[in-house]
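What follows is one structure encoded as structure tokens, with my remarks underneath.
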Amino acid sequence: MSIQDAFHAVCTEAIEAKTGCFYVTLIRIVPFYGGPEEGGWFGKDKVVEAYQRFSDRHAAKVAFSAVKRLAKEMTDTAKVEHGQVCIRQLAFCEARGIEDSNSVFGEDSGPDSYTVTITDRLPVTERGCRHYE
């Protein structure tokens, strides 16, 4: 029995690994505050939101262009929504005479953003470094 046969015997709904294919991937970039060391540092996670496999490079490029436009729209929306949250937090603090909004709401990491990639490998979520370097 081959390795693939053994795997498929255990994982009955497994998808065959294919070579010569392309993955168009929508990725959400999530910034985070790492800590106060050296004046404060930030990192980011790259979260795979969705992907599609293509066997044809041209079809992948067409999809990439469409998803790139979507990613820009989603990034623009995230910026506006983040700004609205910041305005509400500042108003809350001002109404109560609180000078440092971070003391109430924590350090702000910024808005999420979105990007798109074409790769020849299955996309994976990447966690940013969680310690000061």
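Structure notes:
- Number of residues in segment 53-69 that are under 19 Å from the mean Cα position of the chain (by Cα) and modelled with pLDDT of 95 or more equals 7.
- Any hit, segment 53-67, residues being closer than 30 Å to Ile3 by Cα and in a strand (DSSP E or B): yes
- Test for Glu107: is it closer than 26 Å to Ala59 by Cβ and either in a helix (DSSP H, G or I) or modelled with pLDDT under 95 (or both): no
- Count of segment 113-133 residues which are in a loop (DSSP other than H, G, I, E, B) and over 21 Å from Ala60 (Cβ atoms): 7
- Some residue of segment 31-43 being in a loop (DSSP other than H, G, I, E, B), without any contact (Cβ under 8 Å) to a residue 40 or more places away in the chain and either β-branched (Val, Ile, Thr) or closer than 28 Å to Pro111 by Cα (or both): yes
- Whichever residue in segment 33-46 is of a type outside the set (Lys, Arg) and buried (at least 16 other Cβ atoms within 10 Å of the Cβ) and, among such residues, is modelled with the highest pLDDT: Asp45
- Yes/no for Thr19 being within 26 Å of the chain's Cα centre (by Cα), surrounded by fewer than 15 Cβ atoms within 10 Å (Cβ to Cβ) and of a type in the set (Ser, Thr, Tyr): yes
- Subset of segment 82-107 (residues that are surrounded by 11 or more Cβ atoms within 10 Å (Cβ to Cβ), without any contact (Cβ under 8 Å) to a residue 60 or more places away in the chain and within 20 Å of Trp41 (Cα to Cα)): His82, Cys86, Ser101, Asn102, Val104, Phe105
- Which listed residue, of Ala14, Ala66, is closer than 25 Å to Thr119 by Cα, touching a helix residue (DSSP H, G or I) at 6+ places or on another chain (Cβ under 9 Å) and free of Cβ contacts under 8 Å to residues at least 24 places away in the same chain: Ala14
The values are calculated or read from the model by the stated rules, or taken from the named source; none is laboratory data. Just so it is clear, the structure is predicted and the values come from calculations on it, not from any experiment. Positions of Cβ are generated from backbone atoms using ideal geometry, with glycine treated the same way; all protein chains shown enter the neighbour counts.
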